[in-house]
1. Could you calculate the FRET efficiency of Glu16 with Tyr140 from 1/(1 + (r/R0)^6), where r is the beta carbon distance between them and R0 is 22 Å, rounded to 0.05?
2. Order 90-100, 52-62 from most to least packed using the mean count of other Cβ atoms within 10 Å.
3. Can you give the % of DSSP beta bridges in segment 29-167 that are antiparallel, to the nearest 5?
4. If N is the number of residues in segment 4-132, what value comes out of its Cα radius of gyration divided by 2.2 N^0.38 Å?
5. Quick one: accessible area per residue over segment 1-157, 1.4 Å probe, rounded to a whole number of Å²?
6. Size of segment 15-72 along its principal axes in angstrom, Cα-based, largest extent first?
7. Search the structure for amide H atoms under 5 Å from the amide H of Ala150, placed 1.01 Å from N in the peptide plane, and list their residues when 5 or more places away or on another chain.
Amino acid sequence: MSLNASVWGGQADLPEMLQRIKPAVVAVGTVMPTRNPRAVFLGTGFAVADGRQIVTNAHVVGNSLDAAHLEQFAVFFRRDGHEHMLTAELKAIDPEHDLAILYLQDGKLPALEIGDSGKVREGELFAFTGYPIGMVLGLYPVTHRSIISAISPNAIPVIASRQLNVKMIKKLATPYEVFQLDATAYPGNSGSPLYNIETGKVVGIINKVFVQGSKENALSNPSGISYAIPSEHINHLLK
């Protein structure tokens, strides 16, 4: 390994690794035949297991579908210079950890492997790939590098009782650790895989709404800090 790769934790391997990562990352949204536009972007997701299961955030697919007008969940991606769409159905959801799994009704994608998030350490360098501003600029996934700035609980005690609500009380009763990142993620990045640059194994999933609302409940405005849910919770949902 070169000095550069050694110092930056596999940075030199990222261009090659992206050839494996990008085909598994999709834009998640809905499609409805009578709507203009027919497709609406909601967030990012990625294929796992047999390639027909797509992991994303629960808040990304949280709204009810308009079944009367044939609205369906769908994933969008670019392959061989062409844009593709596959319809999907909601297979499983974990509101506590803001995770969901969609199942592709037809076709499958190259799958990413879930890694051991319990071995992640503060200061280590990872990358995440997704659609930070949706499909506005086309289906071209964007990649960011990030170190793990901190590993801390998803909810912290508030200073004043007036800052408490039912959701906060529940989260304080059953806290779990999340990864705080030093890279900027955007709302469209919700559902992006956070992965090891050298192995490609997924150690977390980017979350821009759910965690931020818990950890930063005492702030009048969100900080802009990015977070990721550890991948161990993805494994539990897949089982």
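1. Numbers: r = 18 Å, r/R0 = 0.84.
With a Förster radius of 22 Å, E is 0.75.
2. On the way: 90-100: 18.5, 52-62: 24.0.
Per-residue mean Cβ counts within 10 Å order the peptides as 52-62, 90-100.
3. Working: 33 of 34 bridges.
Once the DSSP bridges in segment 29-167 are tallied, antiparallel ones form about 95 percent.
4. Details: Rg = 16.4 Å, N = 129, 2.2 N^0.38 = 13.9 Å.
Relative to the rule-of-thumb radius for its length, segment 4-132 sits at 1.17.
5. Values: 7850 Å² over 157 residues.
For segment 1-157, the per-residue accessible area is 50 Å².
6. If we take the Cα atoms of segment 15-72, the spans are 43, 21, 19 Å.
7. Sorted by chain and number, the residues that satisfy this are Gln180.
The values are calculated or read from the model by the stated rules, or taken from the named source; none is laboratory data. Model, not experiment: these values are computed from the prediction. We place every Cβ from the backbone using ideal geometry, glycine too, and count neighbours over all the protein chains shown. Just the protein is used for accessible areas: all its heavy atoms, side chains included, with ligands, DNA and RNA removed. Shrake-Rupley method; radii C 1.70, N 1.55, O 1.52, S 1.80 Å.
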